[in-house]
Amino acid sequence: MSLSVDDVFNQISPPNEDAGGGDFVRRFKIDAREGFNAVIMREQDSDLNWVSVEKKIPFPHDLVIDIANMEITWSNFDSTERDVIGVKLRDIMDGTVSPPKQPSKDHSDGVRVYVSSEELFPEPFRETLTNAYYAKEAFKQLFKEYQKEADKHEDEAPIVTFSKPKEKGTKKGSVVRPPSMQITGWTSRDVFDGGSSAESDEVFR
């Protein structure tokens with residue numbers, strides 16, 4: 001049995017715009033509450049402890065996103081390590097695998113993609129993982145946009161332009177700034193091929 005994008009997301013995270021969820025530090029951070037994107041640098045302080053330093057990126061900017069391999073995740077982070085379970089959205093949609101089940105009450109649902117930009121960071125690609133509700137919704141819509149054009153762009157990944165987020169009020173009276181993403185071009189996806197989730201672990205010391 002095949003599933004739509006909405007079917008998959010609703011099984012993991014039923015619609016609830018005020019569900020909340022903290023935003024974790026990632027290699028490339030998208031903050032849906034404050035409305036900024038940042039490259040996360042890992043540096044050692046004077047005590048030789050590893051700390052995260054955010055390098056905010058001005059809008060607009062472009063990222064090549066491996067949206068074809070976007071994962072639905074359950075993640076749990078503590079002070080020393082992280083536990084992330086990810087399954088590709090497309091595999092859930094075509095019935096190849098079942099949606100991942102929540103391992104514990106401490107795990108939060110989210111999405112994970114890999115992003116690339118020669119202008120913004122030196123690595124071939126970085127990981128973006130978020131469990132913020134509005135970020136998840138934005139990536140769901142981006143995947144739908146990708147689906148409409150994917151057949152015309154075999155072996156390519158979309159170039160996604162991030163514009164300055166607009167403020168949005170929630171039912172609880174808070175203000176969020178969801179990521180504003182639009183596919184504006186396509187390019188070779190070679191940078192992503194052959195990569196694995198394990199390659200991103202080196203920044204989490």
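Points worth noting:
- Annotation: amide H of F36 within the under-5 Å range of D31, sequence separation 5 or more or interchain, hydrogens built in the peptide plane.
- Amide hydrogen neighbours beyond the local backbone of L3, cut-off 5 Å, H modeled: D94, G95
- As a rough guide to protection, the peptides 141-147, 95-101, 183-189 ranked by mean Cβ packing within 10 Å, highest first, stand as 141-147, 183-189, 95-101.
- Taking a Cβ cut-off of under 14 Å around E154, the surrounding Lys, Arg, Asp and Glu residues balance to a net charge of -4, with basic ones at +1 and acidic ones at -1.
- Cα gyration tensor category, rounded, prolate or oblate, for the stretch 58-134 with a/c compared to 1.5: oblate
- For the stretch 65-70, backbone phi angles converted through the Karplus equation (6.51, -1.76, 1.60; θ = phi - 60°) give residue-by-residue couplings of 10, 7, 5, 4, 10, 4 Hz, Gly and Pro being listed as x.
- The distance separating the Cα centre of the stretch 59-115 from that of the stretch 132-171 comes to 15 Å.
Read the figures in this text as sums done on the coordinates, not as results from a lab. Just so you know, these numbers come straight off a predicted model, no measurement behind them. Glycine gets a Cβ as well: all are built from the backbone with ideal geometry, and neighbour counts include every protein chain shown.
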